[in-house]
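Read-outs: derived from the displayed coordinates by stated rules, not from any lab. As the structure is a computational prediction, the values presented were derived from the model and not from experiment. A quick note on method: Cβ atoms are made from the backbone with ideal geometry, for glycine too, and the neighbour counts reach across all protein chains shown.
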Amino acid sequence: MHVVAYLPKEERVHNGRAIGIDLGITNQVTFSNGIKVQYAIPMPERIKKLYKAFSRSEYDKRSKRGTKLLQKIKSKFQHQNNQKKDINNKLAHYVTTNYEYVAYQNDCIHSWSKFYGSRILQTSIGGFRNCLKRKASTPLEVGRFIRTTGVCMNCGTVQHLNLSDRMVVCPSCHSIFDRDVSAANKQEGLCLGNLGETLAEDYASTSSMLEYIKRIPHVKASIAVEAPNKRAWPRPQGRGSSPV
Ligand SMILES: [Zn+2]
């Protein structure tokens with residue numbers, strides 16, 4: 001028997017609210033409101049060993065034992081993938097139902113996996129970005145080569161950062177900012193500046209957002225120590241290349 005259910009199409013939000021999102025290796029997702037999200041679904045050692053044994057053909061795939069083990073490995077992989085998808089969907093759902101403008105950078109996540117292979121595999125943040133692209137009312141994509149990391153939130157001075165530099169002191173104005181939060185802010189600022197939008201900023205929702213994210217299984221969320229002072233962030237006035 002087949003049952004077809006028609007659900008009302010989800011309305012896209014039009015509330016004028018905006019958020020910037022930075023994807024990364026240390027913090028998987030950082031939002032421009034200062035919320036940092038970490039998650040990873042590692043493959044259990046037992047399954048890794050089994051998989052290795054299989055690829056060295058220590059088991060005969062056609063034997064009863066072999067088929068059973070292969071089934072076990074496959075279902076574990078499937079389970080892991082589903083967990084990652086679930087996290088990505090839940091995060092993206094919250095963002096896209098609460099914010100009309102969602103700014104993120106079109107980083108080449110594929111090239112990151114060369115250096116941080118297992119870390120990327122455990123999170124599939126590329127899947128999160130795809131969710132945003134699909135679901136957001138107005139997705140705003142910042143070009144891959146536009147600099148968003150290491151830009152001072154106060155005066156705009158650019159400095160080179162290593163991956164280990166998390167909190168950054170600006171060499172010219174000496175303000176201290178969080179690396180990922182400032183990148184997320186830069187993305188949001190760039191996109192909104194290009195749109196010519198001047199949006200009311202809203203912090204009341206930050207704590208409810210944090211609560212929601214903390215409730216997602218396998219996800220750690222925290223607020224950046226040095227909360228960004230958004231009013232200090234200069235909105236670009238129609239200059240620079242178009243990141244949208
Ligand atoms: Zn500065």
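Percent relative contact order of the chain, based on C-alpha pairs within less than 8 angstrom and at least six residues apart?
Numbers: 375 pairs, mean separation 69.7, N = 244.
Taking the mean separation of contacting Cα pairs over the length of the chain, I get 29 percent.
Quick one: compute the contact order of the range 7-83, relative version, from alpha carbon pairs under 8 angstrom and 6+ residues apart, as a percent. List each step's numbers first, then the result.
Values: 45 pairs, mean separation 13.3, N = 77.
It rounds to 17 percent for the range 7-83.
Of the listed peptides 173-184, 70-81, 149-160, what is their order by residue-averaged count of other C-beta atoms within 10 Å, with the highest listed first? Walk me through the intermediate numbers first.
Details: 173-184: 21.8, 70-81: 13.1, 149-160: 16.6.
Top of the packing list down: 173-184, 149-160, 70-81.
Go through K48/K220; K52/K220; K61/K85; K52/K85; K68/K220 and tell me which ones have a Cα-Cα distance over 32 Å in this structure. Provide the component values of the computation, followed by the final result.
Details: K48/K220 25 Å; K52/K220 30 Å; K61/K85 29 Å; K52/K85 25 Å; K68/K220 35 Å.
From K48/K220; K52/K220; K61/K85; K52/K85; K68/K220, over 32 Å: K68/K220.
Can you pull a Stokes-Einstein diffusion coefficient for the chain at 4 °C (1.567 mPa s), Rh from Kirkwood over Cα pairs, as a whole number of µm²/s? All intermediate terms of the calculation are to be shown ahead of the outcome.
Numbers: Rh = 19.8 Å.
The estimated diffusion coefficient comes to 65 µm²/s.
List residues of the range 154-184, by number, whose backbone nitrogen lies under 11 Å from a label position 7 Å along Cα→C-beta of I25.
So the set is 162-165.
Would you mind ranking R12, R17, R129 so that the residue whose beta carbon has the fewest other beta carbons within 10 Å leads the list?
Values: R12 12, R17 17, R129 22.
By the 10 Å Cβ count, ascending: R12, R17, R129.
Provide the gained length on full extension for the span E11 to K85, in nm with one decimal, where the gain is 0.36 nm per separating residue minus the Cα-Cα distance. Spell out each step's value before the answer.
Numbers: separation 74, 0.36 × 74 = 26.64 nm, distance 2.23 nm.
This chain segment gains 24.4 nm when fully extended.
So, R0 is 30 Å and r is the distance between the beta-carbons of L195 and H2; what FRET efficiency does that work out to, to 0.05?
On the way: r = 45 Å, r/R0 = 1.49.
Approximately 0.10, to the nearest 0.05.
Students often check this: by mean Cβ neighbours within 10 Å, which of 52-63, 136-147 ranks highest, and how do the rest follow? Intermediate results must be reported in sequence, preceding the final value.
Values: 52-63: 10.6, 136-147: 16.6.
Result, highest mean Cβ count within 10 Å first: 136-147, 52-63.
Based on the Cβ-Cβ distance from T157 to K52, what FRET efficiency comes out when R0 is 41 Å, to the nearest 0.05? All intermediate terms of the calculation are to be shown ahead of the outcome.
On the way: r = 48 Å, r/R0 = 1.18.
With a Förster radius of 41 Å, E is 0.25.
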